[in-house]
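The values are calculated or read from the model by the stated rules, or taken from the named source; none is laboratory data. Quick caveat, the model's predicted, so the values are computed rather than measured. Heads up, the Cβs are rebuilt from the backbone with ideal geometry, glycines too, and the neighbour counts pull from every protein chain shown. Calculation scope for accessible area: heavy atoms of the full protein, side chains included, ligands and nucleic acids excluded. Shrake-Rupley method; radii C 1.70, N 1.55, O 1.52, S 1.80 Å.
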Amino acid sequence: MPVTGASVNRHQGGPLDLDTPSFRGTRLDTANGLISFRVSVGNLLQTVSRSGDINFRFTSRSSAMEGIRGHQKLQRSRPGGYQAEVAIRGKYQWQNLVLEVSGRIDGVYADSDPVIIDEIKTLKMPVADLPPSQQALHWGQAKIYGWLYALEKDLDQITVQLSYYHLDTNEVTEFQEHYSATELQEFFEDLAARYLRWLDKIQAWRVIRDASINELTFPYGNFRQGQREFAVNSYRSMVSGQQLFVQAPTGVGKTVGTLFPAVKAMGEGHHQKVFFLTAKTVGRSIAEATLADMSSAGMQLKSVTLTAKDKICFNPGSPCDPEHCEFAVGYFDKLDGVLDNVLSRQNTFRRQEIERIAREHEMCPFELSLDLSYWVDCIICDYNYVFDPTVYLRRFFDDPVEAYCFLIDEAHNLVDRGRDMFSAEIEKNGAMKLKRKLKKAEESGTADVMRKLEGINRAFLKLRKAHIESLDEHEWAVSDELPTDLLLTLRSFCDRAEIWLAEHDRRANSYEELLEFYFDALRLNRTAEYFDDNYVCLIKRLKKNSLLVRLYCVDPSRLLAKGLERGRSSLFFSATLSPIDYYRNLLGADAASRFVALSSPFPVANLGVFVIRDIATNYRQRNSSYDRIVAVIDTVSGSHSGNYLVYFPSYHYMEQVHQRFAAEHADIATIIQSRGMAEEDRQAFLDRFDADNTDLLVGFAVMGGIFGEGIDLKGKRLVGVVIVGVGLPQLGIERDLVRDHFSTSGEAQGFEYAYQYPGMNRVLQTAGRVIRSEQDQGIICLIDDRFAQQRYSRLFPPHWVPRVIRRAALGSEISDFWVRLTPG
């Protein structure tokens, strides 16, 4: 069926002015039964016009800002009558499906005969080196624009032009092809029909999915106490497209409390994809298990788990191209058949299943997981796939055509993860080590690279000279301005390194080292594009007189807010989101976001909380606290047999106390966390916490570490924790910069934002290891005189009933607690 219409207008920047700016997804015209879909020209081609191999050979990686500037520069150089940034759209109908295609033409020579459609592409490599598949996509984009424009202007013929602008040399390479309107129409309608056939399959699946969701009941029978309130609040926020914070105690069942209402809201059309965002393996596993339980209850829903590329790659370290990786060969030619096959047979795609399918068909597992994500309803992945500027899923978020729901697991972790994602650093010695290695390797073309590295070294020396007073006094310096000279030399190095990397095989000497330093330099330059009042430039003096320059994001809220805009609704959930203003401010939530704090579903009497107010654990008094802490541990563990965990603010503190405790109590079994524990060692540590243990086991661990959250020791596997200190992060310049930033802001809560709140979050997460179910009983012993102060005790969960006592009274208090719980 022919295109039913097109429209065109001049556009002067900003998003396309669609009829309903807030609309994303499908639209049902009840008058004639038509279902409309919207898609950009770029996404249309990326979805149905790929073929051949994966070919991610090293190519230059200009930033988005460089590309925009290149476009604008070339557009300004065009002659009079040239129209830049022309927005256009058109429709195509197949059966009862209507595709609304929109885009923006880079330029139109409207006065030419025939009219010329100008599609501009910026690059930093020779045009001849572009893979044919990439050039075909460029031509496809220009031809679609040509057809839509010809339709609007009622033209019989048109010329399409590809203009390649080299960002380094300013060289312009142009190619032209002349087409009749009929030729362009046939090209467009073939693509549009294929796209609609693809969407038809998705729509057919969604009918099945939504019918099953409509019939779905809660998979675990009755809701736990507080769980229904959790689910209802979650559902309402998704229906209304809001941001919601939910603080729910451990054991409420937060994962199902978010996924169940998210699925129900999906079935009603409020969003079409759910992103379950989690920072830890355990969160991913619980989400997978929850979806499996809902499927067992009758739900028909497709899901995929995304695993980081470096973890799932079959040929780690090899280039992603057909010459070096057999799993790249013919990938796109195989893709449609494989997707049709696996999607018709199963709904769940976890890592192991993706790897099995990929090996069976000799396909890249990482790319396969991404291509599966187009088809599924729920994507389980890390935070960075939504928030990180370098790796977020552009296929969904750069040109959104559907509404998305974000479920942000353990949201308290996103503050520091956000700072890490938006910061970047580079070290002077990295440049000099690379230079020495290149000199020894005597590879061709290295002289220019080494000159660039020497330029980087000189820029570092100049920066050191400019900040020498502060560096001599503090070993660090801070600036509110970008290190412009260093950035320029790094950008110049990247330009030359790109040529070297493209010309050399990955097996060449120095390739990996040069590639690593290149990415560090590139990331620093790209991070500089976001530099504003929420950043500082931190310069540190390292060993061997080296320097480290870090663009440090002290306040990640603005960039996190940008990520949140990619979703229609967002749900932040954790056991520890207090004080809520801290998280609301730093996570970039909007002013209309809501907060719900759920009460504990477990009997208050089952938990004993004891605050020891006569032991100080601050840094100056730690040495004198060791023996008294040993005595407290002995009192706690001696009151009741079972398994205990003792948490410390540092490894050194932990090791000192463990050494003394083990020496004094050789009859008590102990286990201690070590630095850099492998996965099997972590599991062996947890396996020691046996519910059937009738003796004593005392584990020693670090707050905020691998055993500080995300471990589930239910029942008698853990009967008590001892927490030493208020969990303050280690003193350092980065934390002090956060403190200073918020001391001068409107919040004026510098110490709280930098130290106190993050520290207490560690404490409360650690304390949450004890009571995990209705039957659990146990104690929490907090050792630090600061816990008795109101500024800390006000952050305790409302279901805690703490006993603030001296160490001498602890034995009788704990004994009374266990006696009260003894039947009869």
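If only Cα atoms are counted, what is the Rg of the stretch 510-567, and what is its Dmax, in Å?
Using the Cα atoms of the stretch 510-567, the pair Rg, Dmax is 14.7, 47 Å.
Quick one: net charge around Leu414, please, counting Lys, Arg +1 and Asp, Glu -1 for every other residue with C-beta under 13 Å from its C-beta.
Values: positive: Lys280, Arg417, Arg419, Arg584; negative: Asp382, Asp388, Asp409, Glu410, Asp416, Asp420.
Residues close to Leu414 contribute a combined charge of -2.
State the percentage of accessible surface on the chain attributable to carbon and sulfur atoms; use a 1.4 Å probe and exclude ligands, DNA and RNA.
47
Subtract the Cα-Cα distance of Phe531 and Glu655 from 0.36 nm times their separation in residues, and report this length gain in nm to one decimal.
Values: separation 124, 0.36 × 124 = 44.64 nm, distance 4.10 nm.
Working it through step by step, the gained length comes to 40.5 nm.
Determine the per residue accessible area of the stretch 80-160 with all protein chains present and a 1.4 angstrom probe, expressed in square angstrom.
That works out to 37 Å² per residue.
Please compute the length gained on full extension between Asp590 and Glu355, using 0.36 nm multiplied by the number of residues separating them and subtracting their Cα-Cα distance.
That pair, Asp590 and Glu355, stretches by 80.6 nm at full extension.
Using a 1.4 angstrom probe on the protein heavy atoms only, could you order Val329, Val801 from most to least accessible area?
Listed by decreasing accessible area, they come as Val801, Val329.
Considering the alpha-carbon set of the stretch 499-652 alone, what are its Rg and its Dmax in angstrom?
24.9, 70
Using only the alpha carbons, work out the radius of gyration and Dmax of the stretch 138-206 in angstrom.
Cα radius of gyration and Dmax of the stretch 138-206 are 16.0, 51 Å respectively.
Sort out for me the Cα centre separation of the stretch 640-701 from the stretch 106-170, rounded to whole Å.
Using only Cα atoms, the two centres lie 66 Å from each other.
Report the rotationally averaged projected area of the stretch 656-707 based on its alpha-carbon convex hull, in square nanometres.
4.1
Semi-axes of the equivalent ellipsoid of the stretch 271-376: what are they in whole Å, largest first, if each equals the square root of 5 times a C-alpha gyration tensor eigenvalue?
26, 17, 11
So what is Rg over Rh here for the stretch 611-770, counting just Cα atoms and using Kirkwood for Rh?
We get a ratio of 1.01 for the stretch 611-770.
With a 1.4 Å probe and all protein chains kept in place, how much accessible area does Phe175 have, in Å² rounded to the nearest 10?
Phe175 exposes around 80 Å² with every protein chain in place.
What is the helix-to-structure angle for 181-215, meaning the angle in degrees between its Cα long axis and the longest Cα principal axis of the chain, kept from 0 to 90 and rounded to the nearest 10?
Its long axis makes an angle of about 30 degrees.
Amide H to amide H under 5 Å from Val246: which residues, 5+ apart in sequence or cross-chain, H placed 1.01 Å off N in plane?
Residues meeting the criterion, in which the H sits 1.01 Å from N, are Phe572, Phe573, Ser574, Val596.
Go ahead and run the numbers for FRET between Ile68 and Trp198, Cβ-Cβ distance against an R0 of 30 Å, rounding to 0.05.
Efficiency, from the Cβ-Cβ distance: 0.45.
At a temperature of 4 °C and a viscosity of 1.567 mPa s, determine how fast the stretch 361-449 diffuses translationally according to Stokes-Einstein, using the Kirkwood radius over alpha-carbon pairs as Rh; express D in µm²/s, rounded to the nearest whole number.
After rounding, the answer is 75 µm²/s.
Which parts of the stretch 456-474 would a label at Arg436 reach, counting a residue when its backbone N lies under 11 Å from a point 7 Å out along Cα-to-Cβ?
No residue passes the distance filter.
Once label points are set 7 Å from the Cα along Cα→Cβ at both Lys153 and Ala662, what is their separation, rounded to one decimal in nm?
In this crude spin-label approximation the distance works out to 8.1 nm.
Grab every C-alpha pair in the stretch 327-375, bin the distances at 5 angstrom width from 0 up to the longest one, and report whole percents.
Per 5 Å bin, starting at zero, the Cα-Cα P(r) for the stretch 327-375 comes out as 5, 22, 41, 25, 7, 0 percent.
Quick one: what are the phi-derived ³J(HN,Hα) couplings along the stretch 438-451, Karplus 6.51/-1.76/1.60 with θ = phi - 60°, whole Hz, x for glycine and proline?
5, 5, 5, 5, 6, 6, 5, x, 7, 4, 5, 5, 5, 5
How much FRET efficiency would the formula 1/(1 + (r/R0)^6) give for Thr348 and Arg394, where r is the Cβ-Cβ distance and R0 is 30 Å, rounded to 0.05? Walk me through the numbers on the way to the answer.
Values: r = 25 Å, r/R0 = 0.84.
That gives a FRET efficiency of 0.75.
At 0.36 nm per residue, minus the direct Cα-Cα distance, what do Thr744 and Glu516 gain on full extension? Give it in nm, one decimal, please.
Additional length available on full extension: 78.4 nm.
Could you state the accessible area per residue of the stretch 278-359 in Å², with a 1.4 Å probe and every protein chain left in place?
On the way: 3730 Å² over 82 residues.
With the other protein chains kept in place, the stretch 278-359 gives 45 Å² per residue.
Given the pairs Lys452/Lys544; Lys280/Lys437; Lys273/Lys562; Lys465/Lys562, which are separated by over 26 angstrom at their Cα positions?
Lys280/Lys437; Lys465/Lys562
Counting only protein chains, not ligands or nucleic acids, how are Glu402, Glu229 ordered by accessible area (probe 1.4 Å), most first?
Accessible-area ranking of Glu402, Glu229, largest first: Glu229, Glu402.
Listed highest first by mean packing, meaning other Cβ atoms within 10 Å per residue, what order do 598-607, 114-123 come in?
Result, highest mean Cβ count within 10 Å first: 114-123, 598-607.
How big is D for the chain, in µm² s⁻¹ as a whole number, if Stokes-Einstein is applied with the Kirkwood radius of its Cα pairs at 25 °C and 0.890 mPa s?
82
Over the stretch 418-530, average the accessible area per residue using a 1.4 Å probe and give it in Å², no decimals.
51
Could you work out the equivalent-ellipsoid semi-axes for the stretch 149-308, taking the square root of 5 times each eigenvalue of the Cα gyration tensor, largest first, in whole Å?
The answer is 48, 22, 15 Å, longest axis first.
Just by accessible area at a 1.4 angstrom probe, what is the order of Met65, Met266 from largest to smallest? Walk me through the numbers before you get to the answer.
Values: Met65 75, Met266 0 Å².
Accessible-area ranking of Met65, Met266, largest first: Met65, Met266.
Based on Cα coordinates alone, diagonalise the gyration tensor for the stretch 762-824, multiply each eigenvalue by 5, take square roots, and list the semi-axes in whole Å, largest first.
So the equivalent ellipsoid measures 21, 17, 9 Å along its semi-axes.
Per the helix-only calculation at 222 nm, which mean residue ellipticity applies to the chain, given -39500 (n - 2.57) for every DSSP H run of n ≥ 4 and division by its residues, nearest 500 deg cm²/dmol?
Calculated from helices alone, the mean residue ellipticity at 222 nm is -13000 deg cm²/dmol.
Grab every C-alpha pair in the stretch 288-440, bin the distances at 10 angstrom width from 0 up to the longest one, and report whole percents.
9, 30, 33, 19, 7, 2, 0
Express the Stokes-Einstein translational diffusion coefficient of the stretch 698-799 in µm² s⁻¹, to the nearest whole number, given a Kirkwood radius over alpha-carbon pairs, 20 °C and a viscosity of 1.002 mPa s. List each step's numbers first, then the result.
Values: Rh = 14.9 Å.
Roughly 144 µm²/s, to the nearest whole number.
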